[in-house]
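Undergrad: Below is one structure. I have some questions about it.
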Amino acid sequence: MKLFPVRGGVHPDYRKDRTSESAIVALPLPQALYLPLQQHIGAPAEPVVAEGEHVLKGQLLAHAGGAVSAPTHAPTSGVITAITDVTAPHPSGLPQKTIILEPDGKDEWAVLPAPIADPFAAEPEAIRRRVAESGIVGMGGATFPSAVKLGLGTQKKIHTLLLNGAECEPYLTCDDRVMREYAAEVVDGARIMARALGAPKVVVGIEENKPQAIAAMTGAAKATPNVEVVAVPVQYPMGSERHLTQAITGLETPARKLTADLGVVVHNVGTARAVHHAVRFGRPLLSRVVTVSGGAIAKPGNVEAPLGTLVSELVEFCGGLSEAPRRIVNGGPMMGQPLPNLDVPVVKGTCGILALTAGETDEQPPGPCIRCGTCVTICPCGLVPVEMASYIRKDNLEAAAKTGVMDCVSCGSCSYICPSHIPLVHYFNYAKGALNALDRERRKQDATKALVEAHTIRVEKAAAAKKAAAAAAAAKRAAEAAAAQASETSADKQANP
Ligand code: SF4
Ligand code: SF4
């Protein structure tokens with residue numbers, strides 16, 4: 001397949017060899033599982049179980065809280081010991097409503113939904129419903145509910161399901177291992193998703209630095225005419241939906257548009273495997289593969305962990321910490337988020353846990369901008385980071401918005417390359433948060449204004465109707481009085497001719 005060039009990008013030290021040869025190992029059941037109600041983008045899930053209740057593996061614990069939401073299921077059998085606030089796996093360290101499940105050790109399954117016998121003959125809606133009911137979200141870290149994304153095929157003409165196996169973040173190898181060890185499951189799940197989308201073909205994009213994954217996926221796809229595996233250049237951020245789409249199709253996604261507007265929907269390889277389990281076996285999303293790496297991890301590896309496992313248990317399973325980490329990161333070092341501590345749970349979007357040493361983080365105090373323009377050259381979105389940062393520093397968010405800060409995909413390439421170590425992406429994340437908050441506030445004010453205006457119109461209409469009714473009643477009374485007067489006059493005339 002012909003590939004197309006993608007603008008900008010960087011080549012960080014990938015350090016994937018630390019875990020790329022570590023086969024996926026299943027984590028033994030932890031002492032307790034902590035399942036936040038918000039493990040996805042959208043409305044939090046709503047609990048359907050109570051404290052003290054015994055639940056079975058795969059049983060629904062919380063249903064989706066809205067059209068864009070995802071349910072949560074029990075990763076094993078046991079007792080719900082609490083539904084309470086627990087520190088979220090987020091840099092804020094803020095608490096989040098969480099279901100705590102104490103495993104009973106039996107790992108006893110609930111009765112699961114029946115498999116969809118022939119997904120390629122099934123209605124696309126039936127597949128989407130199964131994916132929604134199984135709590136599947138974007139496993140690459142985006143955590144957008146997958147069924148909603150699969151529904152894009154009902155609104156737009158989708159010609160390609162692009163399966164994202166690029167895994168361009170340094171250190172992370174969980175997708176690589178999933179493709180190498182479960183290629184048939186991934187290909188089957190991708191074909192099922194294409195059916196749900198109404199997409200006639202599947203293209204799997206894998207960075208060239210994963211030759212075994214490319215071979216395994218090519219082998220699994222051999223018998224399927226509509227699945228093609230493509231090796232894409234190693235170039236961070238190739239795993240971004242927009243850039244992978246551009247490399248494969250040559251089409252550039254316009255700012256504030258979706259790849260679906262170009263007829264392409266992108267899903268992660270782990271998501272495809274989860275769809276395979278849900279459709280073929282009725283199994284909801286209960287666990288995920290996590291890369292545990294970084295210089296401070298004694299035995300880095302890839303672990304399939306039940307959702308809700310504490311990061312501390314995961315790290316312990318990987319031999320614990322060999323030295324005090326400088327930073328704990330949820331995800332990759334480029335786009336991941338620092339964690340407040342190890343006592344936070346693995347959730348649906350946790351693709352990596354990194355315990356980085358001081359040498360690996362290479363934190364240096366920022367210096368002044370030397371106007372070298374490197375950040376401009378490498379920005380894969382064609383933005384001018386130096387200019388946007390300058391506006392944000394002056395608190396001129398409007399100007400930053402005009403120069404495209406909302407189109408920034410937060411890839412961190414500019415911060416990585418800046419010779420003055422200016423944390424540019426932090427500025428952009430701050431600005432995007434502030435602009436989103438302003439936008440929400442503006443929309444709230446507009447909605448309130450519209451409500452007030454509607455109320456005023458209703459009141460004015462009611463007052464006008466009341467006035468009209470009073471005028472009509474007065475006119476009626478006057479007409480009746482006039483008629484009575486006329487009748488009296490006529491009677492007088494008859495009596496006194
Ligand atoms: S401005 Fe945004 S998109 Fe461009 S390099 Fe920096 S973080 Fe990436
Ligand atoms: S890379 Fe850093 S020093 Fe160079 S122009 Fe951009 S912000 Fe300034």
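Undergrad: Against the 2.2 N^0.38 Å scaling, with N counting residues, where does region 283-327 land? I'd like the Cα-based Rg ratio to two decimal places.
TA: Numbers: Rg = 11.4 Å, N = 45, 2.2 N^0.38 = 9.3 Å.
Normalised Cα radius of gyration, region 283-327: 1.21.
Undergrad: When the helix-only estimate is applied to the chain (DSSP H runs of n ≥ 4, each -39,500 (n - 2.57), divided by the residue count), what is the mean residue ellipticity at 222 nm, nearest 500 deg cm²/dmol?
TA: Value at 222 nm, helices only, nearest 500: -11500 deg cm²/dmol.
Undergrad: Separation between the Ala184 and Ala298 pseudo-spin-labels, each 7 Å from Cα along Cα→Cβ, expressed in nm?
TA: Rounded to a tenth, the inter-label distance reads 3.7 nm.
Undergrad: Please give the FRET efficiency for Asp446 paired with Glu46, using the beta carbon to beta carbon distance and R0 = 45 Å, rounded to the nearest 0.05.
TA: 0.95
Undergrad: Also, I was wondering about something else. Could you rank the peptides 364-372, 400-408 by their average count of other C-beta atoms within 10 Å per residue, with the highest value first?
TA: Ranking, from highest mean packing down: 400-408, 364-372.
Undergrad: How much length is gained on full extension from Ala223 to Lys257, taking 0.36 nm per residue of separation minus their Cα-Cα distance?
TA: 8.8 nm
Undergrad: Give me the percent of DSSP beta bridges within the chain that run antiparallel, rounded to the nearest 5.
TA: Beta bridges within the chain, antiparallel portion: roughly 60 percent.
Undergrad: Shifting gears a bit: Just order 338-345, 285-292, 482-489 by mean Cβ neighbour count inside 10 Å, highest at the front, would you?
TA: 285-292, 338-345, 482-489
Undergrad: Cα convex hull of the chain: mean projected area in nm², to one decimal?
TA: 35.6 nm²
Undergrad: May I pose another question? Give me the distance in nm between label points sitting 7 Å out from Cα along the Cα-to-Cβ direction at Thr154 and Lys466, one decimal.
TA: Placing both labels 7 Å beyond Cα along the Cβ direction yields 4.6 nm.
Undergrad: Right, next: Just going by the charge dipole of region 364-478, with Lys and Arg at +1 and Asp and Glu at -1 on Cβ, which of Ala472, Ala399, Ile378 is farthest out on the positive end?
TA: Comparing the listed Cα positions along the dipole, Ala472 ranks first.
Undergrad: For the charge dipole of region 364-478, defined by +1 on Lys and Arg C-beta atoms and -1 on Asp and Glu C-beta atoms about the Cα centroid, which residue among Cys414, Ile457, Val425 has the Cα displaced farthest towards the positive pole?
TA: Ile457
Undergrad: When the dipole is taken about the Cα centre of region 364-478, and only Lys, Arg (+1) and Asp, Glu (-1) are charged at their Cβ, what size is it in debye, to the nearest 20? Please report the intermediate quantities before stating the final value.
TA: Working: 16 positive and 9 negative charges, 205 e Å.
Result for region 364-478 is approximately 980 debye, rounded to the nearest 20.
Undergrad: Name the cysteines of the chain that stand alone by the Cβ rule: no other cysteine Cβ under 4.7 angstrom.
TA: Cys168, Cys174, Cys318, Cys351, Cys369, Cys372, Cys379, Cys381, Cys408, Cys411, Cys418
Undergrad: Right, here's the next one. Based on the mean of other Cβ atoms within 10 Å per residue, sort peptides 297-310, 156-169 so the most packed one is first.
TA: Descending packing order for the listed peptides: 156-169, 297-310.
Undergrad: While we're looking at this one, here's another question. For Ala114 and Glu53, calculate 0.36 nm times their separation in residues minus their Cα-Cα distance, and state this gained length in nm to one decimal.
TA: Difference between extended and current length: 19.5 nm.
Undergrad: To continue, here is another question. Using 0.36 nm times the number of residues separating Gln485 and Ala67, minus their current alpha carbon distance, what extension gain do you get?
TA: Extending this stretch completely gives an extra 143.6 nm.
Undergrad: Which of the residue pairs Lys402/Lys444; Lys157/Lys210; Lys201/Lys402 have a Cα-Cα distance greater than 29 Å in the structure shown?
TA: Among Lys402/Lys444; Lys157/Lys210; Lys201/Lys402, the Cα-Cα distance tops 29 Å for Lys157/Lys210; Lys201/Lys402.
Undergrad: Can I ask one more? Give the residues of region 39-77 whose amide nitrogen is closer than 17 Å to a point set 7 Å from the Cα of Asp104 in the direction of its Cβ.
TA: 49-61, 74-77, by backbone N distance to the label point.
No lab work stands behind these numbers, since they all come straight from the coordinates. Predicted, not measured: the structure shown is a model, and the values here were computed from it. Cβ sites come from the backbone with ideal geometry, for glycine too, and all protein chains shown count toward neighbours.
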